[in-house]
Amino acid sequence: MTDHTHDHEGGYLPVSRLAVAAAVVGVAAAAAVANPLFLVVPLIGVGLSVAALADVGREDAPKAGRLAAVAGLALSVGFALQSSVYQVVSLNGAKGRAVAVAEAFVVAVGEGRREDALVMCRYDALPETLMPQSSGPLDGEAGKEVREKFAKMPSIAAVTSCGAVEPRVEQARAEDREGKSWIVTLGIPCDQSGTGEVLLDVTVRRDPFTSDTDRWLVTDHELL
């Protein structure tokens with residue numbers, strides 16, 4: 001006890017290992033901004049910082065490192081908040097983009113612009129007998145076949161019968177945490193329907209191969 005008191009009076013205090021760890025984890029918490037999967041890192045940093053502040057504040061065994069503990073806490077909290085805000089903003093942006101593509105797709109079908117609608121589709125939104133083609137599905141006889149089979153798909157035929165109308169967004173829900181795939185439910189006014197409306201689920205997915213242009217494609221369309 002005497003040696004410890006002497007160190008304290010002389011200004012020499014042992015450095016809290018918890019404080020050092022809190023500062024290191026606080027810096028590493030920056031990873032949470034780039035990837036939400038690392039959000040656990042700032043949470044660990046907050047826990048370490050709180051424990052470190054308690055460790056350096058003990059009256060019976062004071063330690064150095066309060067500044068490091070405070071810095072670790074500030075970094076962890078700051079990066080956690082920044083990550084959360086970024087994810088919310090990013091998710092809302094992705095939702096808006098997916099909804100816009102789904103609406104444009106339905107409007108193109110309703111107005112009879114099938115080629116425009118086809119361009120918005122990935123191969124899995126086309127008739128089952130058709131495979132993706134690197135040169136595009138609209139050339140020559142193959143293109144004619146695509147358009148004919150596309151027009152006969154139940155959801156496409158139903159939307160076409162409604163004519164040029166403005167769809168109403170019922171809801172949009174993300175299929176994954178990153179917001180790369182959305183199911184947009186649209187209500188389409190339709191006199192040809194017994195209920196006066198056609199409900200359609202349009203699945204829109206971000207194309208991972210064109211990240212620079214942020215291209216979104218329709219991957220499914222299904223009547224409800």
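The values are calculated or read from the model by the stated rules, or taken from the named source; none is laboratory data. As the structure is a computational prediction, the values presented were derived from the model and not from experiment. Cβ coordinates were reconstructed from backbone atoms using ideal geometry, including for glycine residues, and neighbour counts include every protein chain displayed.
From Gly78, Gly110, grab the single residue that is of a type in the set (Gly, Ala, Ser), modelled with pLDDT of 90 or more, touching a Cys at 6+ places or on another chain (Cβ under 8 Å) and on the phi < 0 side of the Ramachandran plot.
Working: Gly78 fails: touching a Cys at 6+ places or on another chain (Cβ under 8 Å).
Just one listed residue meets the conditions, Gly110.
It is to be established whether one or more residues within region 139-157 are of a type outside the set (Phe, Trp, Tyr), touching a helix residue (DSSP H, G or I) at 6+ places or on another chain (Cβ under 8 Å) and at pLDDT 90 or above.
yes
Here is a yes/no grid of residues against (1) within 28 Å of the chain's Cα centre (by Cα); (2) among the hydroxyl-bearing types (Ser, Thr, Tyr); (3) at pLDDT 85 or above:
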| position | (1), (2), (3) |
| --- | --- |
| Asp3 | no, no, no |
| Ser16 | no, yes, yes |
| Val24 | no, no, yes |
| Ala31 | yes, no, yes |
| Leu37 | yes, no, no |
| Leu43 | yes, no, yes |
| Leu53 | no, no, yes |
| Ser90 | yes, yes, yes |
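Taking the condition of being surrounded by 15 or more Cβ atoms within 10 Å (Cβ to Cβ) and part of a strand (DSSP E or B), how many residues in region 172-186 meet it?
8
If I filter region 161-170 for residues that are among the hydrophobic types (A, V, I, L, M, F, W, C) and either touching a Lys or Arg at 6+ places or on another chain (Cβ under 6 Å) or modelled with pLDDT of 90 or more (or both), do I get at least one hit?
There is at least one residue in region 161-170 that is among the hydrophobic types (A, V, I, L, M, F, W, C) and either touching a Lys or Arg at 6+ places or on another chain (Cβ under 6 Å) or modelled with pLDDT of 90 or more (or both).
One line per residue, one yes/no per condition, for (1) part of a helix (DSSP H, G or I); (2) outside the structural domain of Val204 (by TED's automatic domain parsing); (3) surrounded by fewer than 21 Cβ atoms within 10 Å (Cβ to Cβ):
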| site | (1), (2), (3) |
| --- | --- |
| Ala22 | yes, yes, no |
| Ala52 | yes, yes, no |
| Leu67 | yes, yes, yes |
| Val106 | yes, no, no |
| Asp116 | yes, no, yes |
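Report every pair of residues separated by at least 6 positions or lying on different chains whose Cβ atoms are under 6 Å apart, first residue within region 167-196 and within 30 Å of Pro36 (Cα to Cα), second surrounded by fewer than 15 Cβ atoms within 10 Å (Cβ to Cβ) and basic (Lys, Arg).
Final answer for the pair search is Ile183/Arg173.
Does Gln87 meet the test of being touching a Leu at 6+ places or on another chain (Cβ under 9 Å), among the polar types (S, T, N, Q), surrounded by fewer than 19 Cβ atoms within 10 Å (Cβ to Cβ) and assigned to a helix (DSSP H, G or I)?
So Gln87 passes the test.
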